[in-house]
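**Q** Here it is, the structure, as structure tokens.
The values are calculated or read from the model by the stated rules, or taken from the named source; none is laboratory data. Source: prediction; values computed, not measured. Cβ placement follows ideal geometry from the backbone for every residue including glycine, while neighbour counts extend to all protein chains displayed. Ligands, DNA and RNA are stripped out before the accessible areas are found, and what is left, the full protein with its side chains, is counted by its heavy atoms. Shrake-Rupley method; radii C 1.70, N 1.55, O 1.52, S 1.80 Å.
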Amino acid sequence: MVAPILPLNLTSIEVRRSGRTILGPLSHRLEGRGISILMGPNGSGKTTLLKTMHGIERPTRGQIDWQITAEEARLRQAFVFQTPTILRRSVLDNIAFPLLLRGVPRKSAQTTAAELGEKVGLGKVLQQSAMVLSGGEKQKLALARALILAPDVLFLDEPCANLDSRATRDIEAILCDARDRGTRIVMATHDHGQARRLADEIWFLHAGKLIESTPKTQFFDAPQSAMARAYLKGDLLP
Amino acid sequence: MDKIWEALYQAARLIFGFDPDLVEITLLSLQVTVTATLIASAIGLPLGAWLVVNRFRYRRIVIAIINALMGLPPVVVGLFVYIMLSRSGPFGVLGLLFTPTAMIIAQVIIITPIIVSISHQAIRELWADYHDLLISLNATRLQRVMTLIKDGRRALLTAALAGFGRAIGEVGAIMIVGGNIDHVTRVLTTAIALETGKGEFGLALALGFVLIGMAILVNLAVHGLSRTERGSRW
Ligand SMILES: Nc1ncnc2c1ncn2[C@@H]1O[C@H](COP(=O)(O)OP(=O)(O)O)[C@@H](O)[C@H]1O
Ligand SMILES: [Mg+2]
């Protein structure tokens, strides 16, 4: 048995940039299974929080503690960026890339990548240059590339922004499948419908503060904070 | 006017008759410049990529120096290499002055900054694209550089070709360190200078046409490369 990576404890983390606090102070715990969804208006700090947990944004203050060392933990997480990074290679080589970095021989990396590509619906375009994919296909590629190392924790930053409902549905199916196989998912989204469909719990952020963190049904039916109530009603927040 | 036609006729005869002197000079030119381009690329391409990925303290200064070196007058490079290789110079014992090796050294010094500068710019764009992913995937420094070199290989080839184009047409430095010795260090550019001085316009023109032909080929290659790049195939 490998050592568990969760829970993740965030203790008084604070991110300051250009003399302004853009996130925190914030303390929270990520644990259990399932999907946590980060919601909140633009600029509320969702991206910053995701990147800070992942370890690619350095907090000005505070502690980020996994159950294993930060270096080991990084190897067992993956991150899907809001705008997918597309390597100037074939779709297959894009998906296989993380395996190559870990020293897996090219042939076997490609075999694994082809299987996964097939599974996310990119089977027909595996040999094509990834640069010419549609937005939805690029996002699927990014997702497959994130999943190829079978991460314990997967962070996604608005993966379905600008996608049509069909591509969104495909992506949600892939995410549910990953969740069912035990990947802990943390994802930012603006889409209330998507949050209702996927979330187990909602983290609601506003102006860099974690206003509430509640189970999904409670968040949508009876939000605790006035801020969240206004947000759900579609009011403009201060 | 007659003289010009006569020279052109003679040039055509030399070229299409594969005149042995012309062939020898052309081959030496290619040998020197291809070698110099390979060495300069081996130094310049990884250095260009490395300067992008590593944010060390004096990075900006290093880049400024390289950009300044790009404008170095070749004659001055020739003088510098001459002094280093001359009998009384620090590397005099090697006996390299007036050999093709000396010319290669001079050309490497002239084109390495160009190759570094062009590849640095190209790789910087790619790095802006790839940065988040490579950091997220915990790629090592070496892996980052290798990934950028691999995926930026077209732009890097363009940089190398630009270096080749600059080196093949260069005359000042290699005239000084090579000495334009017949059958030893005589290359296209130095031979043109000599034959023009002697009034041998036929041979000079023939050499000139070969040189222009090479320049056109290189430019076509660069153009083709940048076009396929935009078409985003690989
Ligand atoms: N490097 C930075 N320097 C200064 N301000 C930043 C930087 N990165 C993000 N911000 C600011 O921090 C706030 C939170 O950003 P972000 O985490 O991207 O929010 P969200 O993803 O919820 O839209 C925004 O106001 C943004 O402008
Ligand atoms: Mg964001």
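**Q** Quickly estimate the mean residue ellipticity at 222 nm for chain A, helices only: each DSSP H run with n ≥ 4 gives -39500 (n - 2.57), and the total goes over all residues, rounded to 500.
**A** -11000 deg cm²/dmol
**Q** Write down the Å³ per residue value for the convex hull defined by the alpha carbon atoms of the protein assembly as shown.
**A** Output value, Cα hull per residue: 215 Å³.
**Q** Give a quick list of trypsin sites (Lys or Arg not before Pro) in region B:86-141 that DSSP marks as loop, anything other than H, G, I, E or B, with at most 16 other Cβ atoms within 10 Å.
**A** Filter output for region B:86-141: B:ARG87.
**Q** Among DSSP beta bridges whose residues both lie in chain A, state the antiparallel percentage, nearest 5.
**A** DSSP beta bridges in chain A are roughly 50 percent antiparallel.
**Q** While we're here: Rolling a 1.4 Å sphere over the protein heavy atoms, what is the accessible area per residue of the protein assembly as shown, to the nearest Å²?
**A** Computed with neighbouring chains in place, this is 49 Å² per residue.
**Q** Would you list, by chain and number, the aspartates and glutamates whose Cα falls below 20 Å from the Cα of B:LYS150, excluding same-chain residues fewer than 8 positions away?
**A** Those aspartates and glutamates meeting the cut-off are A:ASP93, B:GLU125, B:ASP129, B:ASP132, B:GLU229.
**Q** If you take the Cα Rg of region A:145-238 and divide it by 2.2 N^0.38 Å, with N the number of residues, what do you get?
**A** Working: Rg = 14.2 Å, N = 94, 2.2 N^0.38 = 12.4 Å.
After normalising by residue count via 2.2 N^0.38 Å, the value is 1.15.
**Q** Based on the mean of other beta carbon atoms within 10 Å per residue, what is the order of B:2-15, A:70-83, A:53-66, most packed first?
**A** Result, highest mean first: A:70-83, A:53-66, B:2-15.
**Q** If you don't mind, another one. For region B:146-234, state which trypsin sites (Lys or Arg not before Pro) are in a DSSP loop and have at most 15 other beta carbons lying within 10 Å of their beta carbon. All intermediate terms of the calculation are to be shown ahead of the outcome.
**A** Working: sites: B:LYS150, B:ARG153, B:ARG154, B:ARG166, B:ARG186, B:LYS198, B:ARG227, B:ARG230, B:ARG233; in loops: B:ARG186, B:ARG233.
Answer by residue number: B:ARG233.
**Q** Another question about this same structure. In terms of the Cα gyration tensor, with a ≥ b ≥ c the square roots of its eigenvalues, is region A:76-148 rounded because a/c is under 1.5, prolate because a/b exceeds b/c, or oblate?
**A** It is oblate, given that a/c is not under 1.5 and a/b is not larger than b/c.
**Q** Let me ask you something else. Per the Cauchy relation, a quarter of the hull surface: what is the mean projected area of the convex hull of the alpha carbons in region B:114-234, in nm²?
**A** 9.7
**Q** What's the average, rounded to a whole number, of partner chain beta-carbon atoms within 10 Å of each residue's beta-carbon in A:96-106?
**A** Mean partner-chain Cβ count within 10 Å for A:96-106: 2.
**Q** Shielding by partners for B:135-146, please: the mean number of other protein chain Cβ atoms within 10 Å of each residue's Cβ.
**A** Going residue by residue through B:135-146 and averaging, the value is 4.
**Q** What value, in deg cm²/dmol to 500, does the helix sum -39500 (n - 2.57) over DSSP H runs of n ≥ 4 give at 222 nm once divided by the residues of chain B?
**A** -27000 deg cm²/dmol
**Q** On to the next question. In terms of modelled amide H atoms, which long-range or inter-chain residues lie less than 5 Å from the amide H of A:LEU205?
**A** A:MET39, A:GLY40, A:ILE211
**Q** Please say if chain B is rounded, prolate or oblate, where rounded means a/c under 1.5 for a ≥ b ≥ c the square roots of the C-alpha gyration tensor eigenvalues, and otherwise the choice is prolate for a/b larger than b/c and oblate otherwise?
**A** oblate
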